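Below: the structure, in structure tokens.
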Amino acid sequence: MLKRNLLPIITSLFLLGASLIIGKNAEDSLIRDLIIISAIAVDIKDENFLVTVQAINAPSVKDSASEKLGFILYQESGRTITEALQNIHKSFSRYLFMDDLEVILISEELAKKRGIEDVLNYLFLEQTISSNTMLFVSKEVSAYDILAMFTPFQKVSSKRIVDTIENIKDYSSFAIPVYPNRVKNFLLNYPVVNNVIPYISVAGDVQEGLKKENIESYQPKSKMEINGMSYFKKDRLMDFLSTEESQNLIFLMDNVREGAVEANCPEGPGYFSYHLKKAKTKYKVNWKGKTPEVSINIKTNGRITESNCSTNFEHPNMEIFRAQIKKQLEASITSLIQKSQEENLDYVGFGKEIYLSSPNNWRKIEGDWENIYPNTPFDINVDVSVTRSGDATSLD
């Protein structure tokens, strides 16, 4: 009886062990036959595309203690991105596996001179590339330099980029991930809205960041940074927004999750920090004849986390701080909208909100939007709620 009960157990254990061994061998075989590409950088050289692929060094990534490089870069040029990738294939016999591609990085030079539409068309025609691949623009450095940098904590720079943008989206709200589908959709629907894409720059000496010694010291001499959003006219990169301007843009896009607003003290010198926990933006469009007027209402909820102001938070002083946050947010968001109107580039999304509110009225002004937008009247109201301020008080 005991033997009869043990037989199914032994059989199950045998089958489990066999499946693990077979699975491991199949995985190792697959890795040997493929090169997993985590990121692609696209630069421009002599009017051709200069394409760099970041190939994962799988054994090194698995062994976090290994001193081997976590990735290898392959670079070739071509009249098209496909031709450049075919030239890369000449260097080895393995298949470029791009199903796990996380990042497409386009250089500032390419985005300004040639635009990004060719890159987007390639992404849509290449069926192996996921729609979850994130788009970025490099600022003041080549896209290649960004991918080639040695970064702390992660052995692969593309992983560092993805983790950074996700962290900013969730906790700082001055940049958000952008995907090819969104960018292509906006291009097809121009001038309803212009594209904004996060940008990456390098703080410190770029050449030092390309050396392994960059991550062997307590204070790296060079590091990559995501400082905000870049903005476009059709498919051409126009310029970059500062971190504060980018946060104001995220407010207008109704994408603020969490973040901090630094404000001047209501009375006297100094600053205090307002930590956002929630924000909601709503639009209302009114029409005076053929002229749209845009009203923006923003509700925020948060707490004061730090202050070196001489004024404490005792009642009724909290109302003074609340009014100061309201004043500063309204002024800074107004400044961003006015800047976009002066440049006649509607990257703040007025056209989109007007279209959504009344498609029929939008079609009447769509052809003349470039003349209408710079003079479109708007007003902003920010409703600030301060839930608590901790125990912070002035030491003066």
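Packing around the peptides 249-258, 165-174, 100-109, taken as the average count of other Cβ atoms within 10 Å per residue, puts them in this order, highest first: 100-109, 249-258, 165-174. Given R₀ = 22 Å, what would the calculated FRET efficiency be for N167 paired with N264, taking r from the Cβ atoms and rounding to 0.05? The pair N167/N264 has a calculated efficiency of 0.20. For the stretch 100-165, the solvent-accessible area with a 1.4 angstrom probe is 40 square angstrom per residue. Checking the Cα-Cα distances for K169/K299; K45/K339; K282/K326 against a 25 Å cut-off, the pairs over it are K45/K339.
On a per residue basis, the stretch 306-356 carries 48 Å² of accessible surface, using protein heavy atoms and a 1.4 Å probe. The stretch 349-369 and the stretch 76-124 have their alpha-carbon centroids 35 Å apart. Label separation (Y190 vs K299): 3.7 nm, computed from points 7 Å beyond Cα along the C-beta direction. Spin-label pair A331-I72: with each label point 7 Å from Cα along the Cα-Cβ axis, the two points sit 5.7 nm from one another. Around the amide H of V192, modelled in the peptide plane, lies no amide H under 5 Å away from a residue 5 or more places distant or on another chain.
The values are calculated or read from the model by the stated rules, or taken from the named source; none is laboratory data. On a predicted model such as this, the values are computed, not experimentally measured, just so you know. Neighbour counts are summed over all protein chains in view; Cβ atoms, including those assigned to glycine, are modelled from backbone coordinates with ideal geometry. Just the protein is used for accessible areas: all its heavy atoms, side chains included, with ligands, DNA and RNA removed. Shrake-Rupley method; radii C 1.70, N 1.55, O 1.52, S 1.80 Å.
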